[in-house]
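To keep things clear, I will list the structure first and then write my remarks on it.
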Amino acid sequence: MFFVRIMMNRKIYVLVIVMLLSLLTWFFLSFNEGISKEEFSEKVKISLREVGNQLLLVNKDSTSLINPIIKIGKLKYELSFQSTLRINPDSLVAVIQKTFERSQLPKHYRVEVIQCEDSEVGYSYEIMNTIDNSIVPCKGRILPYNCYTIEVRFITERTNSLSNIFLAIGILTVCLLIYYLFFRRESKEEIIQGINEEYFTIGSFQFYPEQNKLVQEIIEINLSKKECELLSIFAKRPNEIIKREELTKKVWEDNGVIVGRSLDTYISKLRKKLKPDDTIKLINVHGVGYKLEMITPF
């Protein structure tokens with residue numbers, strides 16, 4: 001039926017919209033996460049260059065170069081120097097902490113000072129989110145002039161990953177909820193409307209048994225309950241002789257009512273209502289019953 005086709009189309013449209021929203025959500029979150037990681041990496045590199053600059057200034061060195069900051073792992077970065085320097089753990093801890101706080105970098109990270117000549121760890125410490133959990137050993141023991149690289153590994157990365165996940169779950173949940181509620185509501189409406197809109201084509205008429213009416217173009221013809229029941233029987237079996245006994249039983253006797261000439265009276269009423277269409281004849285087959293004759297025009 002036309003209405004059902006419309007409903008199916010609407011369902012397809014809703015499904016497509018939900019899929020597009022899901023796809024856009026995924027694209028947005030992936031893009032946003034990529035930008036966040038890139039910005040995080042750049043921020044770390046800038047901060048470590050500032051750390052290197054401060055350490056050189058502590059050494060009263062304003063001319064030596066700081067080598068390019070290298071990302072050597074997912075959340076691990078390396079700071080190295082052109083020349084040797086002396087490292088005071090107190091200054092190192094303070095400079096890194098102050099610089100990272102100013103740059104709003106994560107507060108959970110591990111620092112290792114590695115000797116260039118043998119790759120041994122000359123000094124290391126770990127800062128947690130709270131002071132009580134942080135491990136900062138051997139403060140006050142100055143590392144002598146040497147070639148050092150400083151490796152910083154962040155235990156957590158300050159990005160919007162977690163919030164992005166919750167955002168994605170929220171958007172997808174809303175999409176699925178809309179989809180579920182829409183389909184559930186529309187499926188119920190479809191069942192109801194499908195029944196109400198079901199009709200039989202009889203010549204130029206559309207017969208709606210559930211609404212007790214005939215429609216011819218823009219003209220509506222109301223039918224009584226008995227007329228509708230009779231026409232339903234004929235509409236399902238056009239051009240077939242239906243015995244009087246069958247019609248009487250289905251329309252009257254099944255309801256516990258015994259009639260005499262009621263069938264003929266209602267047949268006569270139906271003939272008048274179908275009269276505008278010459279291709280339809282409600283014929284009396286003498287001694288047998290009635291037939292709804294439908295002539296197919298050539």
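Would you kindly derive the ³J(HN,Hα) couplings of the stretch 208-214 from the backbone phi angles with the Karplus curve 6.51 cos²θ - 1.76 cosθ + 1.60 (θ = phi - 60°), listing them in order in whole Hz, with x for Gly and Pro?
Going residue by residue, I get 10, x, 6, 10, 6, 8, 10 Hz, with x marking Gly and Pro.
What is the calculated FRET efficiency for residue 211 to residue 20, with r their C-beta to C-beta distance and R₀ = 51 Å, to the nearest 0.05? It would help to have the intermediate numbers written out before the result.
On the way: r = 39 Å, r/R0 = 0.76.
About 0.85, to the nearest 0.05.
Starting from the amide H of residue 240, placed 1.01 Å from N in the peptide plane, find each other amide H under 5 Å away whose residue is 5 or more places distant or on another chain.
292
Extension gain residue 271-residue 98, at 0.36 nm per residue separation less the Cα-Cα distance, in nm?
Details: separation 173, 0.36 × 173 = 62.28 nm, distance 9.85 nm.
Difference between extended and current length: 52.4 nm.
Could you work out how far apart the two model spin labels at residue 286 and residue 65 are, taking each label as a point 7 Å from the Cα in the direction of the beta carbon, and quote it in nm?
Rounded to a tenth, the inter-label distance reads 12.1 nm.
Give the residue list of trypsin sites (Lys or Arg not before Pro) in the stretch 208-280 that are DSSP loop and have at most 16 other beta-carbon atoms within 10 angstrom.
On the way: sites: 213, 225, 226, 236, 243, 244, 249, 250, 261, 269, 271, 272, 273; in loops: 261.
Of the trypsin sites (Lys or Arg not before Pro), the ones in loops of the stretch 208-280 whose Cβ has at most 16 other Cβ atoms within 10 Å are 261.
With θ taken as phi - 60° and the coefficients 6.51, -1.76 and 1.60, list the Karplus ³J(HN,Hα) couplings across the stretch 234-247 in order, rounded to whole Hz; mark glycine and proline as x.
Each residue's phi maps through the Karplus curve to give 5, 5, 7, 9, x, 6, 10, 6, 10, 5, 4, 4, 5, 4 Hz.
Spelling out what I want: for every residue of the stretch 44-61, take phi, set θ = phi - 60°, compute 6.51 cos²θ - 1.76 cosθ + 1.60 (Karplus), and round to whole Hz; glycine and proline get x.
Here the 3J(HN,Hα) series is 4, 4, 5, 5, 5, 5, 5, 4, x, 5, 5, 5, 5, 5, 4, 7, 6, 10 Hz.
With a 10 Å radius around each residue's Cβ, average the other Cβ atoms per peptide and rank 277-284, 200-207, highest first. Walk me through the intermediate numbers first.
Values: 277-284: 15.5, 200-207: 17.9.
Those peptides, ordered most packed to least, come out 200-207, 277-284.
Using a 7 Å offset from Cα along Cα-Cβ at residue 37, what residues in the stretch 75-92 end up with backbone N under 13 Å from the label point?
From the stretch 75-92, the list is 75-76.
Readers should treat all values here as calculations from the given coordinates under stated rules, not as data from a laboratory. Owing to the predicted nature of the structure, the values given are computational and were not obtained by experimental measurement. Neighbour counts run over all protein chains shown; Cβ positions are idealised from the backbone, glycine included.
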